[in-house]
1. Would you pull out the residues with amide H under 5 Å of F249's amide H, same chain only if 5 or more places away, H placed 1.01 Å from N?
2. Whole Å is fine, so just give me how far the alpha carbon centre of segment 3-67 lies from that of segment 228-258.
3. Holding the Cα-Cα limit at 25 Å, pick out from K173/K221; K7/K177; K137/K173; K7/K165 the pairs that are longer than that.
4. Among D250, D64, which comes first, second and so on when ranked by fewest other beta-carbon atoms within 10 Å?
5. Fully extended, how many nm does the chain gain between A80 and E227 (0.36 nm per residue separation, minus their Cα-Cα distance)?
6. What ³J(HN,Hα) values, in whole Hz, does the Karplus curve 6.51 cos²θ - 1.76 cosθ + 1.60 give for segment 240-245 when θ = phi - 60°, with x put for Gly and Pro?
7. Would you be so kind as to identify which of A49, I98, A20 lies farthest towards the positive end of the dipole of the chain, taking Lys and Arg as +1 and Asp and Glu as -1 on Cβ and the Cα centre as origin?
8. Can you list the equivalent-ellipsoid semi-axes of the chain, largest first and in whole Å, using the square root of 5 times each Cα gyration tensor eigenvalue?
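Computed from the coordinates by the stated procedures, all read-outs in this text should not be read as laboratory data. Since the model is a prediction, treat every value here as computed from it, not as a measurement. Every residue, glycine among them, receives a Cβ derived from its backbone with ideal geometry; neighbour counts consider all protein chains shown.
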Amino acid sequence: MTVIESKEPARRVAVVTGAARGIGLAIGARLAADGFSIALWDRDARQLAQAAQALRDHGATVLDVAVDITGRAQVVRALAQSTEALGTPTALVNNAAILGRHGPTAEASMGEWKRVFDVNVFGALQCAQALVPAMVKQGYGRVVNVASIAGKEGNPFAGAYAASKAALISMTKSLGKELAEAGVLVNCITPSAADTDIFGAYDESQRAQLRARLLERVPMKRFVRVEEVAEMAAWLCSARCSFSTGAVFDISGGRAVY
Ligand SMILES: NC(=O)c1ccc[n+]([C@@H]2O[C@H](COP(=O)([O-])OP(=O)(O)OC[C@H]3O[C@@H](n4cnc5c(N)ncnc54)[C@H](O)[C@@H]3O)[C@@H](O)[C@H]2O)c1
C-alpha cells in the first residue's frame, strides 16, 4: 500500500471570513500568532480595517479584503487579491454567518430563509469552491467550517439559522470524504453560545430570553470564549491535525455529548 503523506507548504496562508469581529477575529489573531499570513474577509469594511490594523500593530502579516461572500465575483476577486498579496491559501475558515430574524419557524418567510442560507451555506460553499482547487493542486489544505450546536439540536425561533448550520455540517462531511486522499482536510466546529454581536439583530428581551435558555443548557454554565473557539480552529487549520476529516468537533461546555 502506498501511503501519501501530505506536506504543509513552508508559507502558511489563511483566509478567515467574517473576520471583522467576534469569533472570526479571534481565529485570525490566533492563526497570526501561529505564524500564518492572514487574509481577513468581511463585508463590514470599516470594522475590518480597524481589526486588521490592530493585528498589524502586533506584528502580524494581514490583508483586509472587503467582500460579501454571497457574491461569486466578489469572492473570486477577494481570492485573487489575497493570493497575490500573501500566496496560495493553505487554510480556509468559513466563519461568516448571520442569525436571521427571531420568530416562529412555522411563520417564517421563504425570503428570510433564503437570506440566511445565502450567507451561511451558499457563501461558505462558494468560498470552498474558490479555494479548494488550488489546495488540491498543492496537495495540502485545511478547511474549517464554523457551524453551531444549533445545527445539531435546532434552536427554537431561529429555524433558518439552525437548518443552515445543519447543512454546513453535512457539507463538511461530504467535502471531507471527497477530498480525503487529496491532502485537504475538511472539518467543522459546533460551538454553543458565545457573547458576540451576532445577537445584535435581536431586541433586548429576545436577547435576555435567549441567553437564559442557552446558558441553562450548558453544564459549564457560561458562554464559550472566542479565544477557546479560536484554539480549536487553529489546531484544525494546522498540520498537527492530520487524521481527522469530515468530522464535527464539539465545543459546548458539555452540552452536546455527541
Ligand atoms: N456567537 C455565538 O453564540 C455562536 C455560537 C455558535 C456558532 N457561532 C458561529 O460563529 C461564527 C461567527 O459568529 P460571531 O458570533 O463571531 O458573529 P458576529 O456577528 O460577531 O460576526 C460575524 C461577522 O460575519 C460578517 N458577515 C456576515 N455576513 C457576511 C457576508 N455575507 N460576507 C462577509 N462577511 C459577512 C459580519 O460582518 C461580521 O463581522 C458564525 O458562523 C456563527 O454562526 C456563533
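1. It is C188, I189, T190, by chain and number.
2. Measuring centre to centre over Cα atoms gives 18 Å.
3. Distance filter (> 25 Å) returns K173/K221; K7/K165.
4. D250, D64
5. 50.0 nm
6. Result, rounded to whole Hz: 5, 8, 10, 9, 10, 8.
7. I98
8. 28, 20, 18
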